[in-house]
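Step one of this worksheet: look at the structure below.
The values are calculated or read from the model by the stated rules, or taken from the named source; none is laboratory data. All values reported here derive from a predicted model rather than from experimental measurement. Because the Cβ atoms are built from the backbone with ideal geometry, glycine has one as well, and the counts that use them run over all protein chains shown.
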Amino acid sequence: MIEVENLTIRFGAGKKPVVSNFNLAIEPGMAFGLVGESGCGKSTVLRAISGLNPNYEGQIKLDGKILDHRRERSFFRQVQMVFQDPYGSLHPRKTIRSQLKEPLRNQGISAKSTSLDDALQAVGLDPVLSYRFPHQLSGGQRQRVAIARALVLNPAILLLDEPTSALDVSVQAEILNLLQDLRTERGLTYLLVSHDLAVVSHMCSRIAIMEAGEVVEETDIENLRKGTITHPYSQRLLGASRRYGKSA
Amino acid sequence: MTIPIEQTNRSEPGGFRQWLLAPEPEGLFQSSVQQFYQGWLKFRLHPLGLVGLAVIILLILVAVAAPVLTQYDPIVQDMASRLAPPSAEHWLGTDNFGRDVFARIIYGARTTLYIIILVTVIVAPIGLLIGTCSGYFGGVVDEILMRITDIFLSFPGLVLALGFAAALGPGITNAIIAISLTAWPPIARLARAETLSLRNADFIAAVRLQGASSMAIITRHILPMCIPSVIVRVTLNMAGIIITAAGLGFLGLGAQPPWPEWGAMAATGREFMLDSPWVIAAPGIAIALVSLAFNLVGDALRDVLDPRGGE
């Protein structure tokens, strides 16, 4: 569904690339995980795919068609993104309802008021919260609103940029389960970026492990669970994650 | 420990207060009014701000109700009762043409209010638009717009206003244009700084990912975030604007006689300062009081509206 070929991203001409020769192919309905330590370029890849950063080399294809670096408006009906920090991803001075209306408005679709209520209910929020402002909601509720906003346009693909890392543990589990349910209900395709191997192994069927802007290993999730991953960096990452799990 | 019910439930059920504090507002109007009420609750904590607000409201009321408040005409001369001291008949005395000073102060409030409103209406949109465009687009657009802003910023306000009044002829409209020309750059800068801190925020990225045009992002998402600090800034600048307007009037380049204007009144009063101090004292006090009031309100508003101060 999404194919990335030879993606190279530099911040400034002639500088060392932040991401180099990145390749990725995601099948429809798949949940693909992109893992790696902080600063390895996971989010940079995601921003390039989403169209937020048009300065990349290489090709990004959607359904076999090469995308313009400046995305067309219709692209956003198919691909939406959920951000890491629910405190920063909602407009502080707009009510929940108007934030949900915004994607429809920007795409020139007329909004039915029932569809906005449905959007809230789909993510497990009571529509009575419609006219609250983001600062009157909890972190988990805000992230649900952000997910609802991404789903208002009925996209096929959801890009998830560490959607739970800013939330506390019990809320994390709720949001992850919500994302799981939505995927099975609507047949969504996910590209999940995370540094948390537990989150990725819960959500994804296939993963790519990144180090310093390059994919070092791409494998099925079973191999991660069994520990039969081959690249030394992946083993170190897995080992570190397990030790952290024990000590915590 | 149990709290008796009458203490926890202080408001009447179904009352206006409950509507104001309802946890689940039922519409955009209620939710906006609630936000306004929360702001008012914070504003109320500033006694000096309340004093300032009272003075400004008084200014507006006086300007609106001027003909009701005094029986005298501010323009018609009465040479027989020239330079009369304050009395029951003329509360603040009369000036060198025998006009009632109190009436002229009251009608002068209209002039002041007229200047304030027009300058705000001209300055705030221009400053906001230039600042947000400059900050959002960056690069060449930013360079060009900010250099233009620098040029206007480098003129001392009163001197530019003097030159302007000299070129276009004295008058209140030209004074307003001249003041506006020098008052927008600080607002543009403020809006630009505010925009720079916002343009990479996730909530703006989210809107870009909805396919919104740059103009829609600026006007619908960035502008509303800049408005609170611009309101504070404009309110604090208001004192300067009033004083510049009075200064122009004082120099004879603002409102033209016989139209009552506080600055011009102070200028005529100067000649009779020793013998008839009321002629200059009244407009002087009015100018000082209104400027102070705007500063006090501005300070209180800053505490209410400044995003860095609050939650």
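Residue check: A:ALA25 meets all listed conditions (1) surrounded by fewer than 18 Cβ atoms within 10 Å (Cβ to Cβ); (2) more than 22 Å from A:PHE76 (Cβ to Cβ); (3) hydrophobic (A, V, I, L, M, F, W, C) but one, namely (2).
The set of residues in the stretch B:127-169 being in a helix (DSSP H, G or I) and of a type in the set (Phe, Trp, Tyr) consists of B:TYR136, B:PHE137, B:PHE152, B:PHE164.
A:HIS91 fulfils the conditions (1) within 11 Å of another protein chain (Cβ to nearest Cβ); (2) assigned to a helix (DSSP H, G or I); (3) touching a residue at least 12 places away in the same chain (Cβ under 8 Å) except for a single criterion, (2). Counting only residues that are surrounded by fewer than 16 Cβ atoms within 10 Å (Cβ to Cβ) and farther than 16 Å from A:ASN6 by Cβ, the stretch A:54-72 holds 7 of them.
Of the residues that sit in the stretch A:73-88 and are at the interface with another protein chain (Cβ under 7 Å from one of its Cβ atoms) and within 21 Å of A:TYR190 (Cα to Cα), which one is surrounded by the fewest Cβ atoms within 10 Å (Cβ to Cβ)? Break it down into steps so the answer makes sense when it comes.
As a first pass, look at the stretch A:73-88 and keep what is at the interface with another protein chain (Cβ under 7 Å from one of its Cβ atoms): A:73, A:76, A:80-81, A:83, A:85, A:88.
From what's left, within 21 Å of A:TYR190 (Cα to Cα): A:73, A:76, A:80-81, A:83, A:85.
Numbers: A:ARG73: 13, A:PHE76: 22, A:GLN80: 25, A:MET81: 26, A:PHE83: 26, A:ASP85: 20.
The selected residue is A:ARG73.
In the list B:ALA66, B:ALA103, B:ALA88, which residue meets the criterion of being within 24 Å of the chain's Cα centre (by Cα), at pLDDT below 90, at negative phi and of a type in the set (Gly, Ala, Ser)? The unique qualifying residue is B:ALA66.
Taking the stretch A:122-133 only, how many residues are more than 21 Å from the chain's Cα centre (by Cα) and part of a helix (DSSP H, G or I)?
Of the stretch A:122-133, the ones more than 21 Å from the chain's Cα centre (by Cα) are A:126-133.
Pick out the ones that are also part of a helix (DSSP H, G or I) and you get A:127-131.
Qualifying residue count for the region: 5.
The set of residues in the stretch B:44-102 that are surrounded by fewer than 19 Cβ atoms within 10 Å (Cβ to Cβ) and of a type in the set (D, E, K, R) comprises B:ARG44, B:ASP73, B:ASP78, B:ARG82, B:GLU89.
Scanning the stretch A:12-53 for residues that are in contact with a helix residue (DSSP H, G or I) (Cβ under 7 Å, 6 or more places away or on another chain), touching a residue at least 40 places away in the same chain (Cβ under 8 Å) and within 14 Å of another protein chain (Cβ to nearest Cβ) yields one hit, A:ASN53. Scan (1) free of Cβ contacts under 8 Å to residues at least 24 places away in the same chain; (2) exposed (fewer than 15 other Cβ atoms within 10 Å of the Cβ); (3) within 10 Å of chain B (Cβ to nearest Cβ) for the single condition A:SER98 breaks and write down its number. Tallying (1) free of Cβ contacts under 8 Å to residues at least 24 places away in the same chain; (2) exposed (fewer than 15 other Cβ atoms within 10 Å of the Cβ); (3) within 10 Å of chain B (Cβ to nearest Cβ), A:SER98 fails exactly one: (2).
Among the residues of the stretch A:57-69, just one is over 21 Å from A:THR189 (Cβ atoms) and either within 11 Å of chain B (Cβ to nearest Cβ) or not charged (D, E, K, R) (or both), namely A:HIS69. Of all the numbered requirements in (1) modelled with pLDDT of 85 or more; (2) over 14 Å from A:GLY33 (Cα atoms); (3) aliphatic (A, V, I, L, M), A:ALA240 misses one, and that requirement is (1).
In the stretch A:120-137, the residue that is surrounded by the fewest Cβ atoms within 10 Å (Cβ to Cβ) out of those that are facing chain B (nearest Cβ under 8 Å) and in contact (Cβ under 8 Å) with a residue 40 or more places away in the chain is A:HIS135. Inspection of the stretch B:18-38 identifies no residue that is part of a helix (DSSP H, G or I), aliphatic (A, V, I, L, M) and under 13 Å from B:VAL304 (Cβ atoms).
Name the residues in the stretch A:138-170 that are of a type in the set (A, V, I, L, M, F, W, C), crowded, with 18+ Cβ neighbours inside 10 Å and away from chain B (no Cβ under 14 Å), would you? If you could, list the steps in order and put the result at the bottom.
First, pick out the residues of the stretch A:138-170 that are of a type in the set (A, V, I, L, M, F, W, C): A:145-148, A:150-153, A:156-160, A:166-167, A:169.
If we keep only those that are crowded, with 18+ Cβ neighbours inside 10 Å as well, we get A:145-148, A:150-153, A:156-160, A:166-167.
Scanning the stretch A:138-170 gives A:ALA156, A:LEU167.
Taking the criterion of being more than 14 Å from chain A (Cβ to nearest Cβ), buried (at least 20 other Cβ atoms within 10 Å of the Cβ) and either closer than 20 Å to B:CYS133 by Cβ or of a type in the set (A, V, I, L, M, F, W, C) (or both), the residues of the stretch B:229-240 that qualify are B:VAL232, B:ARG233, B:VAL234, B:MET238.
Yes or no, residue by residue, for (1) at pLDDT 95 or above; (2) at the interface with chain A (Cβ under 8 Å from one of its Cβ atoms); (3) closer than 30 Å to B:ILE117 by Cα:
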{"residue": "B:THR173", "(1), (2), (3)": "no, no, yes"}
{"residue": "B:ILE179", "(1), (2), (3)": "no, no, yes"}
{"residue": "B:ALA183", "(1), (2), (3)": "no, no, yes"}
{"residue": "B:ASN200", "(1), (2), (3)": "no, no, no"}
{"residue": "B:ALA205", "(1), (2), (3)": "no, yes, no"}
{"residue": "B:GLN210", "(1), (2), (3)": "no, yes, no"}
{"residue": "B:ALA216", "(1), (2), (3)": "no, yes, yes"}
{"residue": "B:LEU223", "(1), (2), (3)": "no, no, yes"}
{"residue": "B:ILE227", "(1), (2), (3)": "no, no, yes"}
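Residues in the stretch A:109-117 include none that are outside any helix (DSSP H, G or I), within 18 Å of the chain's Cα centre (by Cα) and within 12 Å of chain B (Cβ to nearest Cβ).
Conditions (1) aromatic (Phe, Trp, Tyr); (2) part of a strand (DSSP E or B); (3) without any contact (Cβ under 8 Å) to a residue 12 or more places away in the chain, marked per residue:
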{"residue": "A:THR184", "(1), (2), (3)": "no, no, yes"}
{"residue": "A:TYR190", "(1), (2), (3)": "yes, yes, no"}
{"residue": "A:SER201", "(1), (2), (3)": "no, no, no"}
{"residue": "A:ILE207", "(1), (2), (3)": "no, yes, no"}
{"residue": "A:GLU218", "(1), (2), (3)": "no, yes, no"}
{"residue": "A:ILE229", "(1), (2), (3)": "no, no, no"}
{"residue": "A:SER241", "(1), (2), (3)": "no, no, no"}
{"residue": "A:TYR244", "(1), (2), (3)": "yes, no, yes"}
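Of the strands (runs of 3 or more DSSP E) entirely within the stretch A:1-87, those holding at least 2 residues that are among the aliphatic types (A, V, I, L, M) and within 24 Å of B:GLY211 (Cα to Cα) occupy A:2-9, A:57-62, A:79-82.
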